[in-house]
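To start, the structure itself, in structure tokens.
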């Protein structure tokens, strides 16, 4: 099963929780908005990725699971 | 402009050029329905399948900037339509240096509307909406006049929306129609899946539709008589800058870039670079640009695309850095203000680039611009940051060598006044922008 991270940039308000919870995949730009260099989530990080998506205060971080 | 096609030979298309611009009056008048019928004949009846297949064989690609195969787009909407699809003619033309859509809508509205009716039939759309910018008075007037004398099988209405660079982006057009807000939305769903009122929506550029009107009449073989195998047909190109006769020209694909400039009266001074594809486009220095043809493969080889068909010639008396700084400032100001990376990123890029052009920034600033243009790409809801980043990268590649020189002495180049904004008087805009950059 594949999982991909995406940000809805309109919803994102640069709270930055995602980068704290998932620094392996998410870093912040100079203004605090997330940069995802590679959107594919390896299986061992899936749990953390779900946590990060759930924690996003504006629901801007999307974890798309099980899609091709 | 050219000999009228006799009625007996209606289905023989014009030989050579012009095609789209056949019969264009030299007085600037809108072509009447009667003249339109004399030049191109009446609208042919084609089955949806026949038309989509003919468009497929013609190799026609969208002329709004995305360069996407038109038949694929038609097919995608036709498949989902079930009679409920909508066709939107996207006549926003928010690219400040483009004038082709306005030319078509003001002077040849019947050709565009023919294409709209054909495309609507092909995808099973029950409604056509023509969207233009509210400043495009000529287009609005010509469309009203044209619609009042036509008897079309599908209802067609005109919607005028606010101007602004991103207001012409597909999802922004859909949101304008749905909610009165001319701003892009987060996609998917894309318009062809769920657009106007949640229905499958085909969004096409006026030139693309005008080309469809010709393909339906004269066939895909005729269409391919001009151009190259990979890029068949003709295109409208808006040529401006340091040329003697700036304007919209219809040219065959495969035409050498130097012939494009000749078509516009030739250059008025030695040129240093061409901007290809408008403000989401790419600067190409003349040593490379003069060897190119108007063809995707040639343009791709130097990292650019035709975009919406804009070509700007920059003379040697102008300063590429300052001209680019003005354009970047304009693009930054045109962010819809929704996505952080676009709002803050483009503003920072613009400030830093302006400082580089003014000779008050060092190599570190240049490295920051480079990092930011990499970082903002793909991080907006629409492609505004991507297009702006591409423009900036090409400006650094072509004019970057002059940054050092600017740091050492005052730049004495003359303003070339690339247009920024559709509605402001050009002179005032240029003066304002220069003040902003000469701190």
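The values are calculated or read from the model by the stated rules, or taken from the named source; none is laboratory data. Just so it is clear, the model here is predicted, and its values are computed rather than measured. Cβ coordinates were reconstructed from backbone atoms using ideal geometry, including for glycine residues, and neighbour counts include every protein chain displayed.
Restricting to region B:252-281, what's the tally of residues that are touching a residue at least 60 places away in the same chain (Cβ under 8 Å) and surrounded by fewer than 23 Cβ atoms within 10 Å (Cβ to Cβ)?
Residues in region B:252-281 being touching a residue at least 60 places away in the same chain (Cβ under 8 Å) and surrounded by fewer than 23 Cβ atoms within 10 Å (Cβ to Cβ): 2 in total.
Please determine, by comparing only the residues of region B:377-387 that are in contact with a helix residue (DSSP H, G or I) (Cβ under 7 Å, 6 or more places away or on another chain) and at the interface with chain A (Cβ under 8 Å from one of its Cβ atoms), which one is surrounded by the fewest Cβ atoms within 10 Å (Cβ to Cβ).
B:379
Can you find even one residue in region A:16-30 that is facing chain B (nearest Cβ under 7 Å), within 17 Å of residue B:347 (Cβ to Cβ), in contact (Cβ under 8 Å) with a residue 12 or more places away in the chain and in contact with a helix residue (DSSP H, G or I) (Cβ under 9 Å, 6 or more places away or on another chain)?
Within region A:16-30, none of the residues are facing chain B (nearest Cβ under 7 Å), within 17 Å of residue B:347 (Cβ to Cβ), in contact (Cβ under 8 Å) with a residue 12 or more places away in the chain and in contact with a helix residue (DSSP H, G or I) (Cβ under 9 Å, 6 or more places away or on another chain).
Go through the residues of region B:336-354 one by one and say whether even a single one is at pLDDT below 95 and assigned to a helix (DSSP H, G or I).
There is no residue in region B:336-354 that is at pLDDT below 95 and assigned to a helix (DSSP H, G or I).
Name the residues in region B:38-52 that are buried (at least 16 other Cβ atoms within 10 Å of the Cβ) and in a helix (DSSP H, G or I), would you?
Selection gives B:38, B:39, B:40, B:48, B:51, B:52.
Only one residue in B:154, B:158 is in contact (Cβ under 8 Å) with a residue 24 or more places away in the chain and over 25 Å from residue B:96 (Cβ atoms), so which one is that?
Checking each option against the conditions leaves just B:154.
Could you tell me how many of the residues in region B:308-321 are within 24 Å of the chain's Cα centre (by Cα) and either within 13 Å of residue B:283 (Cβ to Cβ) or within 14 Å of another protein chain (Cβ to nearest Cβ) (or both)?
Number satisfying all stated conditions: 7.
Quick grid of which residues meet (1) within 14 Å of chain B (Cβ to nearest Cβ); (2) on the phi < 0 side of the Ramachandran plot; (3) surrounded by 15 or more Cβ atoms within 10 Å (Cβ to Cβ):
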site: A:3; (1), (2), (3): no, yes, yes
site: A:9; (1), (2), (3): yes, yes, yes
site: A:35; (1), (2), (3): yes, yes, yes
site: A:38; (1), (2), (3): yes, yes, no
site: A:54; (1), (2), (3): no, yes, no
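Across region B:53-80, what is the total count of residues that are part of a loop (DSSP other than H, G, I, E, B) and under 17 Å from residue B:221 (Cα atoms)?
Counting residues in region B:53-80 that are part of a loop (DSSP other than H, G, I, E, B) and under 17 Å from residue B:221 (Cα atoms) gives 2.
Each row is one residue, and each column tells you yes or no for (1) surrounded by fewer than 24 Cβ atoms within 10 Å (Cβ to Cβ); (2) assigned by TED's automatic domain parsing to the domain that holds residue B:380; (3) assigned to a helix (DSSP H, G or I).
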position: B:140; (1), (2), (3): yes, no, yes
position: B:143; (1), (2), (3): no, no, yes
position: B:147; (1), (2), (3): yes, no, yes
position: B:158; (1), (2), (3): yes, no, no
position: B:173; (1), (2), (3): no, no, yes
position: B:187; (1), (2), (3): yes, no, no
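Determine whether region B:200-207 contains at least one residue that is surrounded by fewer than 24 Cβ atoms within 10 Å (Cβ to Cβ), more than 22 Å from the chain's Cα centre (by Cα) and modelled with pLDDT of 95 or more.
no
What number goes with the only condition from (1) farther than 27 Å from residue B:57 by Cβ; (2) in contact (Cβ under 8 Å) with a residue 12 or more places away in the chain; (3) part of a helix (DSSP H, G or I) that residue B:132 does not pass?
In the conditions (1) farther than 27 Å from residue B:57 by Cβ; (2) in contact (Cβ under 8 Å) with a residue 12 or more places away in the chain; (3) part of a helix (DSSP H, G or I), residue B:132 misses (3) alone.
Does region B:84-107 include one or more residues that are surrounded by fewer than 17 Cβ atoms within 10 Å (Cβ to Cβ) and out of contact with any helix residue (DSSP H, G or I) (no Cβ under 8 Å at 6 or more places or on another chain)?
For region B:84-107, residues surrounded by fewer than 17 Cβ atoms within 10 Å (Cβ to Cβ) and out of contact with any helix residue (DSSP H, G or I) (no Cβ under 8 Å at 6 or more places or on another chain): present.
Filter region B:327-370 for residues that are within 11 Å of chain A (Cβ to nearest Cβ) and farther than 19 Å from residue A:35 by Cβ and give the result.
Within region B:327-370, B:336, B:337 qualify.
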